[in-house]
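Notes follow once the structure below has been shown.
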Amino acid sequence: MCDHRCFVYEIVKMSGSSNLVAMKKIVQQLRFEASINRVKVSQAAADLQQFCMQNALQDPLLTGVSSSTNPFRPQKVCSFL
Amino acid sequence: TCEYNYVLSCISCEPRVLSLQNILSLILFLLPASALTTGIYMIFSTKPEMATQEVQPNETLTNLKAESDTLKTKLEDERAKLHDVELHQVAEKVDGLGQFIMKTRRTLKGHGNKVLCMDWCKDKRRIVSSSQDGKVIVWDAFTTNKEHAVTMPCTWVMACAYAPSGCAVACGGLDNKCSVYPLSLDKNENLAAKKKSVAMHTNYLSACSFTNSDMQILTSSGDGTCALWDVESGQLLQSFHGHAADVLCLDLAPSETGNTFVSGGCDKKANVWDMRSGQCIQSFETHESDINSVRYYPSGDAFASGSDDATCRLYDLRADREVAIYSKESIIFGASSVDFSLSGRLLFGGYNDYTINVWDVLKGTRVSILFGHENRVSTLRLSPDGTAFCSGSWDHTLRIWA
């Protein structure tokens, strides 16, 4: 939690190459990112494709929706005889 | 002679290296703010000798730099090892999409200047849009009637969002704030009177989004940070540091996939964040220019980005890499906004050359190109039920396509 109301500010003057703290942060972040588990692209791609296929029928823009169910498509005009 | 830089740190935040000018303006900004009237502030400096005593002998700058380079190479190697195939190769056996016809079904006219942002209400018919002229308008997209209009105290209202309940809208821009306006059923009521200032940044607000409820808002800013706020109290709940330049866009993961969001910035990076811890959990840097828009794939396992480098790209979170690029030699203008269709098969991209390109996400090919806007397309969102999408443009109008 980062609560503005209880900050204690510490301003530290650092001489010379003061990018040390920033560099430490970068290295920490890189260590974290290097440690995550990854899957092969073939697996990931297959899953993306499967999701598309499974949901294709529920995608109105893919299946095309008739004017009766799509409120934005023009309604057929009724005429009274 | 030594050059002095300053480090700002607090007990609950990551340390940040700031210039003297930034420190001074940060103090001047924070002290008068109403949220900070209680509490104790201590500002002290230490002599340079004391600072260097705290440095571990093996963590000199050169060692850290070397480790950083090794880690970066290791990351590239790990990602490359798993790159065994391209997405479009996997999708070769999939049927191609037929002819794709979409037209403008409604045109919403009423803004006096460039439309910068829009969002749909969950009721699938109302839309909120914001403009350079400082106005925020709520429309009924079926009838094209304007239901509410608010005049903001600033121009360039770059961000707006509808609350999940449909009872409020949030907006902000050059005022560096995100404000929430409860929507009243009484058309005559002055909405500006009930305005609540929620977020405060030190530079322009580029994007905002409610989380799953009306109670929390996520914001991104030109000050390089994203932040999560409590709407009722205006309290900062979490801040997200990691971008090296302006953050231009953000998108929340679909609710089933947990508490993460993705942001894109002028540093060409797209970062995925854990909302609870504030940590950046994944980072992608393959774009060649500013990332203007990011949007999650409907399953939550990937996200797309649109950039000033005239490409849209798809990044898979589990493979931790870019898996597709949507580009053509004939497309040379930047993509300002992207969104997926409900199944994730189609990617809609609004571009600065006034067109909307529709891409087959799996095959990587362009399915259609939509003309109609008379200036840059600046914003684009699919409707909540996926039957249509809305685009906003610098030509002062919004269009509903279906």
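Here is the figure for segment A:36-67: residues that are closer than 17 Å to B:Asp316 by Cα, in a loop (DSSP other than H, G, I, E, B) and of a type in the set (A, V, I, L, M) total 2.
Across segment B:303-321, the number of residues qualifying as under 15 Å from A:Asp47 (Cα atoms) and part of a loop (DSSP other than H, G, I, E, B) comes to 4.
When you look at B:Ser336, is it closer than 30 Å to A:Val27 by Cβ, in contact (Cβ under 8 Å) with a residue 40 or more places away in the chain, crowded, with 20+ Cβ neighbours inside 10 Å and in contact with a Lys or Arg (Cβ under 8 Å, 6 or more places away or on another chain), yes or no? Taking the combined requirement at face value, the residue does not satisfy it.
When segment B:137-166 is filtered for residues that are in contact with a strand residue (DSSP E or B) (Cβ under 8 Å, 6 or more places away or on another chain) and closer than 21 Å to B:Trp229 by Cα, the ones remaining, listed by number, are B:Met152, B:Val157, B:Met158, B:Ala159, B:Cys160, B:Ala161, B:Tyr162, B:Ala163, B:Pro164, B:Gly166.
Looking at B:Gly300, B:Gly372, B:Gly344, B:Gly386, just one residue is in a loop (DSSP other than H, G, I, E, B), small (Gly, Ala, Ser) and in contact with a Phe, Trp or Tyr (Cβ under 6 Å, 6 or more places away or on another chain), and that residue is B:Gly344. Give me the residue from segment B:261-281 that is surrounded by fewer than 19 Cβ atoms within 10 Å (Cβ to Cβ) and in a strand (DSSP E or B) and, out of that set, nearest to the other protein chains (Cβ to nearest Cβ). Applying the filter and picking the extreme gives B:Ile281. Restricting A:Gln43, A:Gln49 to residues that are surrounded by 18 or more Cβ atoms within 10 Å (Cβ to Cβ), modelled with pLDDT of 85 or more and either in contact with a helix residue (DSSP H, G or I) (Cβ under 6 Å, 6 or more places away or on another chain) or on the phi < 0 side of the Ramachandran plot (or both) narrows the list to A:Gln49. Among the residues of segment B:282-290, none qualifies, meaning not one is within 29 Å of B:Trp401 (Cβ to Cβ), among the hydroxyl-bearing types (Ser, Thr, Tyr) and assigned to a strand (DSSP E or B). Restricting attention to segment B:75-94 and to residues that are part of a helix (DSSP H, G or I) and more than 17 Å from B:Asp320 (Cα to Cα), the residue that is nearest to the other protein chains (Cβ to nearest Cβ) turns out to be B:Val90.
Taken over segment B:224-252, residues that are at pLDDT 95 or above, more than 14 Å from chain A (Cβ to nearest Cβ) and surrounded by fewer than 20 Cβ atoms within 10 Å (Cβ to Cβ) amount to 3. Restricting segment B:332-341 to residues that are within 13 Å of chain A (Cβ to nearest Cβ) and assigned to a strand (DSSP E or B), the residue that is farthest from B:Ala91 (Cα to Cα) is B:Asp339.
Return the residues of segment B:180-206 that are crowded, with 22+ Cβ neighbours inside 10 Å and free of Cβ contacts under 8 Å to residues at least 40 places away in the same chain; say none if nothing qualifies. Scanning segment B:180-206 gives B:Val198, B:Ala199, B:His201. Just one of (1) in a loop (DSSP other than H, G, I, E, B); (2) in contact with a helix residue (DSSP H, G or I) (Cβ under 7 Å, 6 or more places away or on another chain) fails for B:Tyr181. It is (1).
Please specify each residue of segment B:207-222 satisfying the condition of being surrounded by 20 or more Cβ atoms within 10 Å (Cβ to Cβ) and either in contact with a Cys (Cβ under 7 Å, 6 or more places away or on another chain) or outside any strand (DSSP E or B) (or both). If the condition is that a residue be surrounded by 20 or more Cβ atoms within 10 Å (Cβ to Cβ) and either in contact with a Cys (Cβ under 7 Å, 6 or more places away or on another chain) or outside any strand (DSSP E or B) (or both), then B:Ala207, B:Cys208, B:Ile217, B:Leu218, B:Thr219, B:Ser220, B:Gly222 are the ones that fit.
The values are calculated or read from the model by the stated rules, or taken from the named source; none is laboratory data. Remember, it's a predicted structure, so these values are computed and weren't measured experimentally. Cβ atoms come from the backbone with ideal geometry, glycine included; neighbour counts cover every protein chain shown.
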